[in-house]
Protein chains: 2
Amino acid sequence: MLHPVILSGGSGTRLWPLSRQNQPKQFLALMGDHSLYQETVQRANQLPAAQPPVTVCSEEHRFMVGEQLQAVGIASGGILLEPVARSTAPAIALAALHVLARDPEATLLVMPADHLIADETAFREAVSAAARLAEDGWLVTFGITPDYAETGYGYILRGEGLGEGGYRVQRFVEKPDLATAERYVAEGVYAWNSGMFLFRARRYLDELAQHAPAILQAAQAAYASSKADLDFMRIDRDAFAASPSDSIDYAVMEKTSRAAVVPVSCGWSDIGSWSSLWSVAERDGDGNRYEGDVIAVDTRDSLVRASDRRMIATIGVEDLVIVDTADATLVARKDRVQDVKAVVDRLKAAGRTEHLFHRRVYRPWGSYDSIGVGSRFQVKKIVVKPGAALSLQKHAHRAEHWIVVSGVAEVTCDDKVFDLHENESTYIPLGSVHRLRNRGTEPVELIEVQSGHYLGEDDIVRLEDVYGRS
Amino acid sequence: MLHPVILSGGSGTRLWPLSRQNQPKQFLALMGDHSLYQETVQRANQLPAAQPPVTVCSEEHRFMVGEQLQAVGIASGGILLEPVARSTAPAIALAALHVLARDPEATLLVMPADHLIADETAFREAVSAAARLAEDGWLVTFGITPDYAETGYGYILRGEGLGEGGYRVQRFVEKPDLATAERYVAEGVYAWNSGMFLFRARRYLDELAQHAPAILQAAQAAYASSKADLDFMRIDRDAFAASPSDSIDYAVMEKTSRAAVVPVSCGWSDIGSWSSLWSVAERDGDGNRYEGDVIAVDTRDSLVRASDRRMIATIGVEDLVIVDTADATLVARKDRVQDVKAVVDRLKAAGRTEHLFHRRVYRPWGSYDSIGVGSRFQVKKIVVKPGAALSLQKHAHRAEHWIVVSGVAEVTCDDKVFDLHENESTYIPLGSVHRLRNRGTEPVELIEVQSGHYLGEDDIVRLEDVYGRS
């Protein structure tokens, strides 16, 4: 059986201001309605004999993974929560252990959550070829046939043919300089190292045992001590932190004698920057890609992305990336977008939060968005998912007014519990113990007006919480 | 006595998205805390023997004028409300009539409300010189000594010297082509036509009587039928609409035998575009002017203006104008900013409102800002000025929740009248007759959550209104 393993480890500041630490690239709908993660699980789900996907992600993103899976109606094969980041080799080891517990003959298809694949047919054919090689004990990497001399990727030199469209890997090579990259492309026997792999789970663990035993031991110990929690597996922090941090490339693929490559040309991109998103996006006759409400005059070769309720007008510009969000707008020359890192570094240095969160913040129970702030008040739009509840809580410095604008909210306020319908409001005095719950089947939307001298998120005492945060 | 006359007629889309039809350039704080209008009245107020300024503006802007005057503590010499635009000659005729009623020997200093003057001392000296010429019966125009060969202005060729630093006007010339403009600058006897004038009020009306009698008659009839209303003079619509529309240049200055020019070099700019604002603004060593929260990486020769609660990041760009507002962002090449008109035309053609209003809308009683909108609700932040009241009104399609976050509101709801203090809320059911009033000395800030199927501004029946809108 084929078990897709989705690696969702990227922290993703390269698409700032759209990507934030708590909502990295893989969870963004960059083109169309679905996020890259959702597209990845859907792609995996359509493969022959594919089992429900196993996702490996950081604890911080667990509810986003759960929600995005649910939104596309795909059953989860497990969501493994990494307590700390240890790169890909240990993450895949956890997934292999998880899958082998149910299927001792499991084959793993390892896919990063944040890659784009335009040609699904070509990809499926490559997976079939790789699966046949894996049956013979090969550890297969997918090599992308290069379109141009990219210097930002590693390359794979193929050796003898193995049939099935595969080749023995002769050599992995580091990111080349431009002249070398041009030679690689011209020679036709090099492929980009995509970070996608296919092999038998057992085989991978055997290779780890041989080439990186400390990783295997740490993963085994961490998985054995992990705790199931809803759809999640909470991996033991101390045991997993003991693992060396290493990529599958260094730890296994470059050391094994059984590395194979299946070259594929499938419209692949890792969308490593705004310019690479521009280059894979459909564009108009002037080379522009617009998202949202854009009025453009004499604009060329640009990516312009407006956000909700706001328009962007451009005049006489070219080769720009313009990305607007609720709290930050980026205007960059398209060939300088890698320097978005410099902006993020300045935000970090200044102790700001625009690289960490969007103005709308996702929580296990739904989301909140700070739509208005004044000297002694804050207005939030709050959405509570069906069946969800905020913690039972109180605040030392603020009172709250709640006005339900959609759905039916169950309100607890000290010793009273009552329903609040659309267009009804209530008042939560300072110090009151309160809770908001949605027992219905539609989202509850409400407007919260906070009033007080101090309105920070840290003014909260959680008395009970279904999400284990109290 | 010197009576400053401030012409505030510009509709100002050239600084869109910051300028809007209901808040044109002269009312914007483009640099520093005060608007161009406020700077103009302050400049006028500091002149020797200056009387309170007379403002001529459109009805639409009357409360903005009143409020901005009050904010800088300058007494008004009258605010004349033009019911329709008829260009400068009729507007100045109204001001002359208004001033002569109090001061038969009045001298007028006519100043557009939206010009910048950096060197106030040079300007004051020019005004003194012009005042002495006006005593001898000259109609004086201020000619700006050109810095460069501008093709967007008319020029004035000076003739014989009149003493006092003034010259007889030999000829007014239309906007020249570049070669001609260059010649004008080289010859040293041409000045830019600034649109600022100084003359005896009686003299101006005499010249009108001779050269444009229809304008004088219409102005006299309109002023005679005007109605005083608070600080405002409501000019009679039909009578004023009968006036030909003509500029003072065409109607008087080019025809009189007594036109004089006082050349002056006073750091003048009409700020006719974002690029001209950039050119007069103080800039950093890389040629940039930043306003608000801007993080710039390798940015040069650009104007970047962030709005409240939002940051702008720039990377590797040059010669750009970036202006952000609550509902629209402009990104334009600096030498293409005149094409902002094309954007405004598209907004008009699409029946949109981003060229008419800001998201925050000023009203006689204060302002409102639509901070959140959903399918069946809208959240507004409302500010009611001390002593002000909204109309007594009702809505057919929406209910409203009000939460006071600052100040004390007097609420009328059907037959009840009560005070609502900070952190108190009330509910206005659909169909209820209601009013909001601020009887205190501090602004009332409140959050209004509207709920209903239809939330347009036109769902209002005004039963009583202190501002005459019912």
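Kindly give the distances from A:S432 to its copy-mates, label point to label point, with each label point 7 Å from Cα along Cα→Cβ, as nm values to one decimal ordered shortest first.
1.9
For B:V405, list long-range residues whose amide hydrogen, built 1.01 Å from N in the peptide plane, is under 5 Å from its own amide hydrogen.
B:N423, B:E445, B:L446, B:I447
Could you tell me the convex hull volume per residue, in Å³, taken over the Cα atoms of the stretch B:2-269?
Considering the Cα atoms of the stretch B:2-269, their hull volume per residue is 119 Å³.
Write down, largest first, the equivalent ellipsoid semi-axes of the stretch B:275-348 in whole Å, where each equals the square root of 5 times an eigenvalue of the alpha-carbon gyration tensor.
Square roots of five times the eigenvalues give 20, 15, 10 Å.
When only C-alpha pairs under 8 Å and at least 6 residues apart count, what is the relative contact order of the stretch A:2-269, in percent? Walk me through the intermediate numbers first.
Values: 570 pairs, mean separation 66.4, N = 268.
After rounding, I find 25 percent.
In whole Hz, what ³J(HN,Hα) sequence does the stretch A:254-259 give by Karplus (6.51, -1.76, 1.60; θ = phi - 60°), x for Gly and Pro?
Coupling constants for the stretch A:254-259: 7, 9, 5, 8, 10, 7 Hz.
Lys and Arg at +1, Asp and Glu at -1: add these up for the other residues within a Cβ distance under 11 Å of B:H115 and post the number.
-1
Could you tell me how far the Cα centroid of the stretch B:143-196 sits from the Cα centroid of the stretch A:40-61, in Å?
74 Å
Using a Förster distance of 22 angstrom, determine the FRET efficiency expected from the C-beta separation of A:S257 and A:E174, and round it to 0.05. Please report the intermediate quantities before stating the final value.
On the way: r = 21 Å, r/R0 = 0.95.
Taking R0 as 22 Å, the efficiency between A:S257 and A:E174 is 0.60.
Over the Cα atoms of the stretch A:190-322, Rg to Rh with Kirkwood Rh, two decimal places?
My calculation puts Rg/Rh at 1.19.
Just to verify a number: FRET efficiency for A:D136 and B:R309, C-beta to C-beta distance, R0 = 45 Å, to 0.05?
E(calc), rounded to 0.05, equals 0.15.
So for the protein assembly as shown, what percent of the C-alpha to C-alpha distances run longer than 39 Å?
Numbers: 245252 of 441330 pairs.
Here the tail beyond 39 Å accounts for 56 percent of pairs.
Give me a single rounded figure for B:394-406: the average over its residues of other chain Cβ atoms within 10 Å of their Cβ. Walk me through the numbers before you get to the answer.
Numbers: counts 0, 0, 0, 0, 1, 1, 1, 9, 1, 10, 3, 11, 5.
For this peptide, the per-residue mean of nearby foreign Cβ atoms is 3.
Would you mind giving the average projected area, over all directions, of the Cα convex hull of the stretch B:1-46 in nm² with one decimal?
Projected over every direction and averaged, the Cα hull of the stretch B:1-46 covers 3.5 nm².
Using only Cα atoms, tell me the angle between helix B:213-224 and the longest principal axis of chain B; keep it within 0 to 90° and round to the nearest 10.
40 degrees
7 Å from Cα along Cα→Cβ at both A:V433 and A:D298: what's the point-to-point distance in nm?
If labels sit at A:V433 and A:D298, their model points lie 6.8 nm apart.
List the distances, in nm and shortest first, from the label point of A:R124 to the matching label points in every other copy, placing each point 7 Å from Cα along the Cα-to-Cβ direction.
8.3
So in the stretch B:2-269, what percent of DSSP beta bridges are antiparallel if you round to the nearest 5?
50 percent
For the stretch A:1-153, state what percent of all Cα-Cα pairs lands in each successive 5 Å bin, counting from 0 Å until the bin that includes the largest distance.
In whole percents, the pair-distance histogram is 2, 8, 18, 22, 22, 16, 9, 3, 0, 0.
Quick one: which residues, 5 or more positions from B:I271 or on another chain, have an amide H under 5 Å from its amide H? H modelled 1.01 Å from N in the peptide plane, none for Pro or chain starts.
Residues meeting the amide H criterion: B:L116.
Cα-Cα pairs above 12 Å in the stretch B:244-286: how many percent?
Roughly 75 percent, once rounded to a whole number.
If R0 is 25 Å, what FRET efficiency do you get for A:E318 and B:Q338 from their C-beta distance, rounded to 0.05? Intermediate values should be presented prior to the final figure.
On the way: r = 18 Å, r/R0 = 0.72.
Rounded to the nearest 0.05, the efficiency is 0.90.
Relative contact order for chain B: what percent, with Cα pairs under 8 Å and sequence separation of 6 or more? Provide the component values of the computation, followed by the final result.
Values: 1073 pairs, mean separation 63.5, N = 470.
The normalised contact order for chain B reaches 14 percent.
For the stretch A:360-464, take the alpha-carbon Rg, divide it by the Kirkwood Rh, and send me Rg/Rh. Before the final figure, lay out each step's value.
Working: Rg = 12.5 Å, Rh = 13.6 Å.
Dividing the radius of gyration by the Kirkwood radius yields 0.93.
In chain B, if the dipole is taken from +1 on Lys/Arg beta carbons and -1 on Asp/Glu beta carbons about the Cα centre, which of B:S58, B:S307, B:H3 is farthest to the positive end?
B:S58
Give the nm distances, rounded to one decimal, from B:A399 to the matching residue in every other copy, measuring between label points 7 Å along Cα toward the beta carbon; shortest first.
Inter-copy label distances (nm, one decimal, shortest first): 2.1.
So how strong a dipole does the protein assembly as shown carry about its Cα centre when Lys and Arg Cβ are +1 and Asp and Glu Cβ are -1, to the nearest 20 debye?
Here the protein assembly as shown has a charge dipole of around 660 debye.
Count the net charge of all other residues whose Cβ sits under 15 Å from the Cβ of B:P17, scoring Lys and Arg as +1 and Asp and Glu as -1.
+4
With a/c under 1.5 counting as rounded, go ahead and sort the stretch A:233-382 into rounded, prolate or oblate using the C-alpha gyration tensor (a ≥ b ≥ c being the square roots of the eigenvalues; past the cut-off, prolate if a/b is larger than b/c, else oblate). Each step should come with its number before you reach the end.
Numbers: a/c = 2.33, a/b = 1.21, b/c = 1.92.
It is oblate, given that a/c is not under 1.5 and a/b is not larger than b/c.
Counting only other chains, and only Cβ atoms inside 10 Å, what mean value do you get across the residues of B:439-447?
2
Would the stretch B:56-107 count as rounded, prolate or oblate if I go by the C-alpha gyration tensor, calling it rounded below 1.5 in a/c and otherwise prolate when a/b exceeds b/c, oblate otherwise?
Verdict is oblate for the stretch B:56-107.
Please compute the net charge surrounding B:S58, taking Lys and Arg as +1 and Asp and Glu as -1 over other residues with Cβ under 14 Å from its Cβ.
+2
With the contact rule set at Cα under 8 Å and sequence spacing of 6 or more, what percent relative contact order holds for the stretch B:275-348?
22 percent
When a/c reaches 1.5 or more, the comparison of a/b and b/c decides; with that in mind, is chain A rounded, prolate or oblate per its Cα gyration tensor?
oblate
We did not get these values from a lab; they are worked out from the coordinates using the rules stated. Since we're looking at a predicted model, the values are computed, not measured. Note that we place each Cβ from the backbone using ideal geometry, even for glycine, and neighbour counts take in every protein chain shown.
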